[in-house]
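The values are calculated or read from the model by the stated rules, or taken from the named source; none is laboratory data. Note that the structure is predicted; figures quoted are calculated from it, not measured. Please note: Cβ atoms are built from the backbone with ideal geometry, for glycine as well, and neighbour counts cover all protein chains shown.
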Amino acid sequence: MTYMKNIAILGSTGSIGVNTLDVIRALDGRYRVVALAADSNIKLLAEQSRRFRPSVVSIGSQTRLIEARRAVPSKTKVLFGPDGLLEIVKRPDIDMVVFAISGTACLAPLVSAITHKKEVALANKESLVSAGGILMPLARRHGVTIIPIDSEHSAIFQCLHGARARPSRILLTASGGPLRSIPKTKFDRLSRDFILRHPKWSMGKKISVDSATMMNKGLEIIEACHLFNVNEKMIDVVIHPEAVMHSMVEFVDGSVLGEMSNPDMRLPIQYALTYPERQPSAVKSVDFYRLRHLSFERPDNRKFPCLGLARQAMRSGGVSPAILNAADEESVRQYLDGRIRFSKIPEIIGKVLSRQKRCLCKAPALADIFKAEAWAKEEARVLCYR
Ligand code: NDP
Ligand code: MG
């Protein structure tokens with residue numbers, strides 16, 4: 001009998017979500033889309049529903065429920081809001097959940113998916129940054145492997161697959177983003193379109209701004225600490241503009257393993273879906289003769305203070321990473337809405353972090369994290385209007 005994998009995609013209308021559906025379409029027919037969720041892009045969600053015929057979809061809020069019901073096929077059930085996501089992840093007919101919503105809205109459904117022992121393919125990094133200390137032990141207790149989709153973490157995950165030894169160092173690569181060779185003094189003169197135009201990857205707006213501030217790499221340091229159970233000091237960031245080497249691991253004997261491919265998110269997405277197997281993909285092979293050389297540089301921590309802020313938050317522990325993440329989410333939103341200048345983003349995050357009360361709670365519960373996030377967003381909002 002052919003084994004079918006039934007999949008839910010939370011965030012199906014975003015960059016990762018659309019790529020995930022592309023991958024599923026190209027795979028061998030053993031992957032069935034059972035549920036889709038999006039926030040407000042009803043048009044695309046309806047198109048996807050007509051194409052993939054999921055049993056259920058969920059939208060961000062109740063206000064557009066009638067419109068969504070009219071737009072999707074009549075047999076598709078329509079849910080809404082945070083409860084809609086929670087209802088999807090616990091459905092018995094779902095084997096794997098792809099978490100492709102940006103920001104912290106993923107956290108509660110992720111906890112539920114783990115407790116319901118679903119396979120987890122995780123693109124969303126913010127949930128691990130905020131609550132990795134809760135999520136990883138929970139996943140271990142329920143025997144759930146969290147399979148990363150973030151390209152660097154997928155690379156590390158692939159390098160460690162079957163390894164008998166633990167890594168002594170992780171080399172987290174970064175393309176350097178759109179501002180790598182632009183002086184800091186010019187940052188505020190650049191248009192939002194320029195900031196959003198990443199040289200190597202086409203991504204959603206939030207992560208594109210994070211790539212420009214390099215907070216994306218900062219969040220990825222914390223993500224890697226949790227996923228691979230390593231200390232922040234064991235992670236070095238390496239600027240690699242060609243974006244062909246997606247990260248490396250070093251072992252005690254000095255051997256370094258890396259994973260290379262052309263930069264295309266369909267590859268780590270497909271690996272997460274087919275893990276531990278591999279299948280042919282549409283991604284072109286690397287042409288090493290044309291590429292000729294790969295370059296590696298040290299990051300400029302003064303030009304990109306978000307890297308240091310992320311390390312500081314990870315070292316402080318407790319709710320500090322959640323505060324960092326929430327302050328980032330809010331200040332990026334305000335930047336995208338045109339309320340603050342680009343260089344205000346790291347400034348605000350730094351201020352919010354420095355205002356947090358001494359964190360006595362070393363092992364916060366989810367409620368403490370939600371409270372800290374709400375506080376950090378409000379603090380960031382106040383600073384934006386100042
Ligand atoms: P996008 O902004 O392109 O997409 C976000 C998706 O989430 C959209 O489908 C959006 O719906 C949906 N969404 C947002 N809020 C809600 C909500 N409350 N309920 C239901 N759906 C919601 O983001 P990306 O695809 O770029 O990124 C997704 C995640 O993956 C992020 O955490 C990012 O850090 C991570 N990631 C992304 C990479 C990339 O290449 N893009 C690479 C590595 C990691 P709608 O369209 O209706 O607004
Ligand atoms: Mg990444």
I want to confirm something. Restricting to the range 2-49 and keeping residues that are more than 20 Å from Ser151 (Cβ to Cβ) and either touching a Cys at 6+ places or on another chain (Cβ under 8 Å) or among the basic types (Lys, Arg) (or both), which single residue is farthest from ligand 1 (Cβ to nearest atom)?
Arg30
Quick check on Leu179: is it surrounded by 14 or more Cβ atoms within 10 Å (Cβ to Cβ), more than 16 Å from ligand 1 (Cβ to nearest atom) and farther than 28 Å from Phe99 by Cα?
yes
When the range 151-176 is checked residue by residue, the ones that are small (Gly, Ala, Ser), within 16 Å of ligand 1 (Cβ to nearest atom) and out of contact with any Phe, Trp or Tyr (no Cβ under 7 Å at 6 or more places or on another chain) are Ser151, Ala155, Ala174, Ser175, Gly176
Looking only at the range 262-298, count how many residues are in a loop (DSSP other than H, G, I, E, B), in contact with a strand residue (DSSP E or B) (Cβ under 6 Å, 6 or more places away or on another chain) and surrounded by 17 or more Cβ atoms within 10 Å (Cβ to Cβ).
1
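Within the range 353-386, track down each residue that is assigned to a loop (DSSP other than H, G, I, E, B) and not aromatic (Phe, Trp, Tyr).
Our first condition is that a residue be assigned to a loop (DSSP other than H, G, I, E, B); within the range 353-386, this holds for 356-365, 385-386.
Residues satisfying the conditions are Gln356, Lys357, Arg358, Cys359, Leu360, Cys361, Lys362, Ala363, Pro364, Ala365, Arg386.
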Anything in the range 118-146 that is farther than 21 Å from Asp210 by Cβ and of a type in the set (S, T, N, Q)? List them, or say none.
Thr145
Residue check, Leu196 against (1) closer than 17 Å to Ala272 by Cβ; (2) within 16 Å of ligand 1 (Cβ to nearest atom); (3) not hydroxyl-bearing (Ser, Thr, Tyr), all met but one. Which one?
(1)
Yes or no: Ala100 at pLDDT 95 or above, farther than 14 Å from Ala8 by Cα and surrounded by 15 or more Cβ atoms within 10 Å (Cβ to Cβ)?
no
Do you know which residues across the range 196-247 are under 13 Å from Ala174 (Cβ atoms) and of a type in the set (Phe, Trp, Tyr)?
Trp201
Screening Phe288, Phe342, Phe304, Phe370 for residues that are over 23 Å from the mean Cα position of the chain (by Cα) and hydrophobic (A, V, I, L, M, F, W, C) leaves only Phe288
Out of the range 326-362, which residues are touching a residue at least 60 places away in the same chain (Cβ under 8 Å) and within 18 Å of Met314 (Cβ to Cβ)?
Ala326, Asp328, Glu329, Pro346, Ile349
May I ask you to say which residue of Val98, Val111, Val120, Val89 is among the hydrophobic types (A, V, I, L, M, F, W, C), under 30 Å from Lys362 (Cβ atoms), within 15 Å of ligand 1 (Cβ to nearest atom) and touching a residue at least 60 places away in the same chain (Cβ under 8 Å)?
Val89
Glu259: within 16 Å of ligand 1 (Cβ to nearest atom) and assigned to a helix (DSSP H, G or I), yes or no?
no
Does Val56 qualify as being touching a Ser or Thr at 6+ places or on another chain (Cβ under 6 Å) and either free of Cβ contacts under 8 Å to residues at least 24 places away in the same chain or aliphatic (A, V, I, L, M) (or both)?
no
Can you confirm whether the range 58-72 contains a residue that is under 19 Å from Asn124 (Cα atoms), more than 19 Å from the chain's Cα centre (by Cα), crowded, with 19+ Cβ neighbours inside 10 Å and among the aliphatic types (A, V, I, L, M)?
yes
